[in-house]
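I have a structure here, written as structure tokens, and I will follow up with some questions on it.
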Amino acid sequence: MTDESLMGEIKMPERKDFSANANAAATAPAFFSAHDIHAYYGESYIVQGVSFNIHEGEILALLGRNGAGKTSTLRAIARTGSPQVTHGEIWLDHQPLHRMKSYEAAQAGLSLVPEDRRIIAGLTVEENLELARIAPHPGWEIERVYELFPRLGERRNQEGITLSGGEQQMLAIGRALVRDIKLLLLDEPYEGLAPVIVDEIEKTLNVIKAQGITTVLVEQNALRALALADRAVILDTGSVVFDGLASEVLENEQLRHDYLAI
């Protein structure tokens with residue numbers, strides 16, 4: 001089954017600086033904190049002094065135009081090694097992620113669901129979920145994932161890479177939930193999905209929010225991300241230009257026009 005089978009611009013004279021906000025990264029204590037992160041792809045300076053806090057249970061929308069540095073910031077936080085972090089500190093529940101490798105950060109409770117989902121070929125849906133639970137500190141039981149995503153339960157014996165794009169996204173999120181996670185990083189979860197599947201994924205994210213799972217959401221569909229999020233950070237050319245309430249972005253037409261083109 002494929003996903004397809006499922007179903008006023010204002011000119012401003014200059015940009016204003018929205019980055020100085022009461023919710024900015026200086027307002028500790030926080031459950032997660034990125035402080036002055038700098039990262040490179042080779043000689044390309046991609047993440048340029050990014051700082052922000054997240055309080056436990058919040059959903060933060062990390063927004064910006066294409067090329068603003070959103071995915072690179074997520075990858076830096078997840079300690080993937082690419083981009084290479086050259087400066088800064090990353091803390092999660094008092095644990096120094098900036099001193100860890102990616103697998104150590106995962107063991108500390110961080111889970112990245114990348115845009116390409118990375119479903120393991122040759123394994124069924126259930127085997128993908130079982131493999132994610134092998135390491136210490138498991139989270140949700142697999143049956144609970146099937147309750148959240150009934151389609152996965154129906155396809156538990158089907159090879160994961162043969163699922164539709166929306167079902168693969170469900171599996172990627174489910175694979176994160178079967179770990180005991182403290183921080184969930186979601187990179188473009190709506191990308192390439194039919195509207196009806198986007199609705200279904202959005203319902204899932206509301207369940208995750210109700211469970212109190214602290215989440216960073218990178219999403220090009222900024223309006224849907226803002227409707228879900230508690231707070232928002234906007235990046236422009238690798239730097240933070242806004243840190244505040246999601247509702248402030250929805251209410252601020254100049255800000256949306258300047259940095260999100262909506």
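Which is farthest toward the positive dipole end of the stretch 81-131 among H98, L123, A108, measuring Cα position about the Cα centre, with Cβ charges +1 (Lys, Arg) and -1 (Asp, Glu)?
H98
When the scattering of the chain is computed by the Debye formula from its Cα atoms alone, each counted once and equally, what is log10 I(q)/I(0) at q = 0.11, 0.12, 0.17 Å⁻¹?
-0.60, -0.71, -1.36
Turning to a different aspect of this structure: Once the other residues with Cβ under 11 Å from the Cβ of S111 are scored (Lys, Arg +1; Asp, Glu -1), what is the net sum?
For residues surrounding S111, the net value is +2.
Work out how much length Y45 to E147 would gain on full extension: take 0.36 nm times their residue separation and subtract the Cα-Cα distance, in nm to one decimal.
32.4 nm
What net charge is computed for the residues neighbouring Q220, neighbours being all others with C-beta under 13 Å from the C-beta of Q220, Lys and Arg scored +1, Asp and Glu -1?
Local charge sum for Q220: -2.
Do you know the Lys pair count in the chain for C-alpha distances under 24 Å, with sequence separation 8 or more or different chains?
8
Return the FRET efficiency for the residue pair E104, K203: r is the Cβ-Cβ distance, R0 is 45 Å, and the value is rounded to the nearest 0.05.
About 0.85, to the nearest 0.05.
According to the square roots a ≥ b ≥ c of the eigenvalues of the Cα gyration tensor, what is the shape class of the stretch 94-154, taking rounded for a/c under 1.5, prolate for a/b larger than b/c otherwise, and oblate for the remainder?
It is prolate, given that a/c is not under 1.5 and a/b is the larger ratio.
Using all C-alpha to C-alpha distances in the stretch 195-262, build P(r) with 10 Å bins and read off the rounded percent in each one.
Bins of 10 Å from zero give 19, 51, 27, 3 percent of pairs.
What does the charge count near E191 come to, summing +1 for each Lys or Arg and -1 for each Asp or Glu among other residues with Cβ under 9 Å from its Cβ?
-4
All of the numbers you see were taken from the coordinates with simple rules; none came from a lab. These figures come from a predicted structure and were not determined experimentally. Don't worry about glycine lacking a Cβ; one is built from the backbone with ideal geometry, like all the others, and counts go over all protein chains shown.
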